Amino acid sequence: MGFAAKPQSRWPPRTVWVSLHTVGIGFMGLSGGWPFGGWSGTAYEVTIALNVIFYIGASFRDPGYAPLPSSPSDGGKPPLQEALLQAPACIHCGATTALRTKHCHDCCRCVRRMDHHCWWLGNCVGERNHCNFLCYLLTQTTLLISTCAAAVSNAATSSTGESHHASSLPVAPALSFLFAITAAALCIVTGFAALTLLLFQTALMLRGETTWEKLRRAQLNAIEQLPPDERPYDRGALRNALIFCGCERDPGVPKWAEGVPWQRATNAAAICPVATARPLESTAGAAFPSAIPQGSRGCGQGGGISSGGLISRAEP
């Protein structure tokens, strides 16, 4: 099979992001100067710096790409041996599939614990940069709310004819009022979107699921023969947060399989004697557990789970 697809360019969205922030800061200067003074001004500047740092971390960091197949010339195993030892390869990029891995058609790579592809980042949000992304949303929301408050204050100052800040540019009061209102309107729209996304992502973190899993929950659970509201990776809010932030190692298996000795589906009899190995082909190229180990709910109706995205399942 060939893997000739090329990923989309990452720089246009990053350029747009930088441009919008530059315009917003420019509007603040034209509407009456820098928003605050003293400790509040320092806090505002620190928020800007943190926002840039977290954006760079989320945008440029490897989101958790699944390893691509190696070749003997690169020191890899021969193709036949590699096929026997590894999990099924993605039909789009050839990467080794694993549980919670999904192929991104914008990056042309499979991403571990993929949440979504963020256009503003020019990058996927996955296992390795999801925490950066949440921190970025927090600082971005704080920055937009603070800027909106400052813009409204500058608009009120311009409308009453009072003097601007000492750092303000020499702009007519009418134009200063117009710039302040424009900045406030932009911050309200984008700030509402950022706040909504922040709350949504925080809820997902505490529930132990990704955006893709949330949107496909009914479909995935129907395939797995699970209750519609079952979340296989929900280990409680506190532990979910620790795993999300990297303070605890992600077990990489559903909660009912944690601590249960399990191997690849080639040795599936160790989990469920009647299981046979076969990959699950779920939507959009994602690998998802399709069964439950013996001694848990439904073995003999569902089967077992194996590592690396290989699914062992009891055949009728």
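Suppose R0 equals 35 Å; then what is the FRET efficiency for E258 and W119 from their Cβ-Cβ distance, rounded to the nearest 0.05? Could the numbers behind the result be given before it?
Numbers: r = 35 Å, r/R0 = 1.00.
The pair E258/W119 has a calculated efficiency of 0.50.
Can you give the extra length, in nm with one decimal, that the chain gains between V189 and I91 once fully stretched, where that is 0.36 nm per residue apart less the Cα-Cα distance? Write down the numbers at each step before the final one.
Numbers: separation 98, 0.36 × 98 = 35.28 nm, distance 4.00 nm.
Contour length minus the Cα-Cα distance gives 31.3 nm.
Of C118, C110, how do they rank once you tally other Cβ atoms within 10 Å and put the fewest first? Mind showing how you got there, number by number?
On the way: C118 19, C110 30.
Least to most surrounded, the residues fall as C118, C110.
Once the Cβ-Cβ distance between T202 and W11 is put in as r, and R0 is 35 Å, what FRET efficiency do you end up with, to the nearest 0.05? Walk me through the numbers on the way to the answer.
Details: r = 29 Å, r/R0 = 0.84.
Efficiency, rounded to the nearest 0.05: 0.75.
Could you tell me what % of all Cα pairs in region 191-250 have separations over 17 Å?
Values: 806 of 1770 pairs.
Pairs farther apart than 17 Å: 46 percent.
Debye sum, Cα scatterers, region 98-237, no solvent: what log₁₀ I/I(0) at q = 0.09, 0.11, 0.15 1/Å?
Cα-only, vacuum Debye calculation for region 98-237: -0.44, -0.58, -0.81.
Taken together, the values in this text are just the output of simple stated rules run on the coordinates, not laboratory data. Owing to the predicted nature of the structure, the values given are computational and were not obtained by experimental measurement. Note: ideal-geometry Cβ built from the backbone for every residue, glycine included; neighbour counts use all protein chains shown.
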